[in-house]
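Read the figures in this text as sums done on the coordinates, not as results from a lab. Predicted model only: the values in this text are computed from it and were never measured. Because the Cβ atoms are built from the backbone with ideal geometry, glycine has one as well, and the counts that use them run over all protein chains shown.
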2 protein chains.
Amino acid sequence: MTGQRLPPEFQLIAEIFAPLAAGTPGAFGLTDDAAAIEVAPGRRLIVTVDAIVEGIHFLPDDPPADVARKLLRVNLSDLAAMGARPIGYVMATVLPTDLDRAWLESFASGLADDQARFGVGLYGGDTASTPGPMTLSLTAFGDAEPGRELRRSGARLGDRIWVSGTIGDGALGLKALRGDLRGVTVDGLAYLAGRYRVPTPRVALGQGLVGLASGAIDISDGLAADLGHVCETSGVRGIVEAGRVPLSEPARQALAAEPALRADILGGGDDYELLFTAPPAAAGRLAELARSLDLPLTEIGRVEAGAGVAILDESGRDITPERAGFRHF
Amino acid sequence: MTGQRLPPEFQLIAEIFAPLAAGTPGAFGLTDDAAAIEVAPGRRLIVTVDAIVEGIHFLPDDPPADVARKLLRVNLSDLAAMGARPIGYVMATVLPTDLDRAWLESFASGLADDQARFGVGLYGGDTASTPGPMTLSLTAFGDAEPGRELRRSGARLGDRIWVSGTIGDGALGLKALRGDLRGVTVDGLAYLAGRYRVPTPRVALGQGLVGLASGAIDISDGLAADLGHVCETSGVRGIVEAGRVPLSEPARQALAAEPALRADILGGGDDYELLFTAPPAAAGRLAELARSLDLPLTEIGRVEAGAGVAILDESGRDITPERAGFRHF
């Protein structure tokens, strides 16, 4: 074809698809992690969809059960970012005709495990064949009380910026899988690879943050980019102190061996931790929540007037990664 | 890969995916057109998903707006078969990197038209790139009162079998597009092609059948196969008189020129009319409903004890097409 090529994903959504959502209040202009469908007084269904493609989002050699769990979990992570309780999912599996049955059985076993773990059920699906790479899309549903959902747009001046867990493990895990990481123990490499392959959606945390956090997002595009989404929709500026960003022990090892990895840690995606903002007065209740969930919550920065994101090193220099928010497309 | 190849779609769903839905009552064992999610007392969300692949379900030269409308409409047809009121949809678009922007703009314009026509909105989506053919999946939502949904499993002994509109236009339309049809006027060929490319989901009929029809399905796999699904889930046998199956004028022309097309008409898919069962006493109210919707409803057969489907010609001979219910996969 000869015409204009497609713009990057964010722009594509804004220019081509967002107008289709303009008349639908619960679509939030396609700028949030999920949408809300008013289904009854006092009840909203939260809906999100993600698609993955073999060779791009996963590899033919990846364990099929892990592919299944990641597909489900990235959607549960979107629900968590909205503070929703997961209910279930539907799935479209577009499969190569020569796919091995054993692959699909293993894939289904991964789903079965995670259905039990997260208390969700399969509600329906469609199956088709393709001459191209396997393509899987999953739509997940949760529920929430109207007006209580966590939104990206809720960050306010003076709020603090928090993250759950540790940051950068997803990006380093992908490097580990490619053999591109040094200075990390074998156990550490396996830990990072596992964080990339099977992330942990912060479902209980998301529900615990309802009424406590002002804005929230899950870190799928990277710390810098996802904080950028929160700041853009909230109309504020985000300042992060790089030294406060929590790292796992293997990530520390990798960073010590190769300081340039700091850009991957701050800019890479696939962590599926929650990033959220909250007023300073919420610190005590957030500490309680962290204890009750046995999940570290770390204050890493603050919300100021302005626009954009700045990640500052110990000397106050702006080290925000270039091309923050690269995503498949 | 070396192991066992995949079974056909129905079997695949039954063997691999249905066990994942076993603990989820609203999934109906993956045997219905859509699923029901209990969202509040007295309120169920009806959910369905369909995926289409370039080169299999649509062709690169098909008008993009028609591709969009068919994708949305086949899902609305599933909602109609459940008697649900459509609300909106989410969509995953997996696009070749060299896709022309104009294609996508035309695709979006088709969605915009149909959103207005059917009163639905876009709630969210995901976009990814693929080295393979374009793959689009759409999840549609509607609502219904619990226990009032139309189900495939509701057909009862003594019920009559009805269809809306005319049958076989979808299969003949595909032949028309391929240049494989003779004896039909140019206008007739265009009519059939249009029926294949942009079907009309019977949304108002579906809602009108609530409380009136005992079982229902939309005809996507073909009259014989879809009646087969109703009979199997209902535990009954369906008898159809081929001579009563309503045909469009172009379909009559095609059949007159080539009598062997009867198998395509009775066995082909993509009509997206509703097939439903109802007790004989419902005939009067069905006639009223047909008048109010300006849509023909035709009684074509009856429900008996037993299993399976028989389509009988004028002399009572069983002419049920072989391989009834062929579907992409």
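Take B:Ala283, push a point 7 Å out from Cα through the beta-carbon direction, and compare it with the same point in every other copy: 8.1 nm, smallest first.
Under the shape rule built on the C-alpha gyration tensor, where the axes satisfy a ≥ b ≥ c, chain B is rounded, since a/c falls short of 1.5. If R0 is 41 Å, the Cβ-Cβ spacing of B:Ile56 and A:Thr185 corresponds to a FRET efficiency of close to 0.30. The H on the amide N of B:Gly121, modeled in the peptide plane, is under 5 Å from the matching H of B:Gly88, B:Tyr89, each at least 5 residues off or on a different chain.
Taking the label point 7 Å along Cα→Cβ, B:Pro25 and its counterparts in the other copies are spaced 3.2 nm apart, in ascending order.
Count Lys and Arg as plus one, Asp and Glu as minus one, and take only other residues whose Cβ is under 11 Å from that of B:Gly228; the net charge is then -1. Sorting A:Thr277, B:Thr31 by the number of Cβ atoms found within 10 Å of their own Cβ, with the fewest placed first, yields B:Thr31, A:Thr277. Each residue of the range A:229-246 was assigned a 3J(HN,Hα) from its phi angle through the Karplus expression (A = 6.51, B = -1.76, C = 1.60, θ = phi - 60°), giving 5, 4, 5, 5, 6, 8, x, 9, 10, x, 10, 10, 8, 4, x, 9, 5, x Hz with x at Gly and Pro.
Using a Gaussian network model of chain B in which every pair of alpha carbons under 10 angstrom is joined by a spring, one finds that among B:Arg317, B:Arg252, B:Arg197 the greatest mean-square fluctuation is at B:Arg317.
Note on B:Glu288 and B:Arg156: with the Förster distance fixed at 25 Å, the Cβ-Cβ geometry gives a FRET efficiency of about 0.70. For the protein assembly as shown, evaluate the Debye formula with one uniform point scatterer on each Cα (no solvent term) and list log10 I(q)/I(0) at q = 0.06, 0.07, 0.09, 0.11 Å⁻¹, rounded to two decimals. One equal scatterer on each Cα of the protein assembly as shown leads to -0.35, -0.47, -0.75, -1.07. All alpha carbon pair distances within the range B:144-185 were sorted into 10 Å bins beginning at 0; the resulting P(r) in whole percents reads 19, 28, 24, 21, 8. I'd like the antiparallel share, as a percent to the nearest 5, of DSSP beta bridges with both residues in chain B. Percent antiparallel among DSSP bridges in chain B is about 75. Each Lys and Arg Cβ is given +1 and each Asp and Glu Cβ -1; about its Cα centre, the protein assembly as shown then shows a dipole of about 1000 debye. Here the range B:156-187 is scanned for amide nitrogen atoms under 19 Å from the site 7 Å beyond the Cα of B:Leu312 along Cα-to-Cβ, giving B:156-163. Shape analysis of the range A:1-115 based on the Cα gyration tensor places the equivalent ellipsoid semi-axes at 29, 23, 11 Å, largest first. Its DSSP H runs of at least 4 residues, each contributing -39,500 (n - 2.57), put the calculated 222 nm mean residue ellipticity of chain A at -10000 deg cm²/dmol, to the nearest 500. Among residues of chain A, the one whose Cβ lies closest to the rotation axis carrying chain A onto chain B, together with that distance rounded to whole Å, is A:Gly132, 1. Judged by the gyration tensor of its Cα atoms, with axes a ≥ b ≥ c, the range B:152-312 is prolate; a/c meets the 1.5 cut and a/b is the larger of a/b and b/c.
The other copies place their B:Arg252 label points at 8.4 nm from this one, listed shortest first, where each point is 7 Å from Cα along Cα→Cβ. Of the beta bridges DSSP finds with both residues in the range B:152-312, what % are antiparallel, to the nearest 5? In the range B:152-312, DSSP labels about 75 percent of beta bridges as antiparallel.
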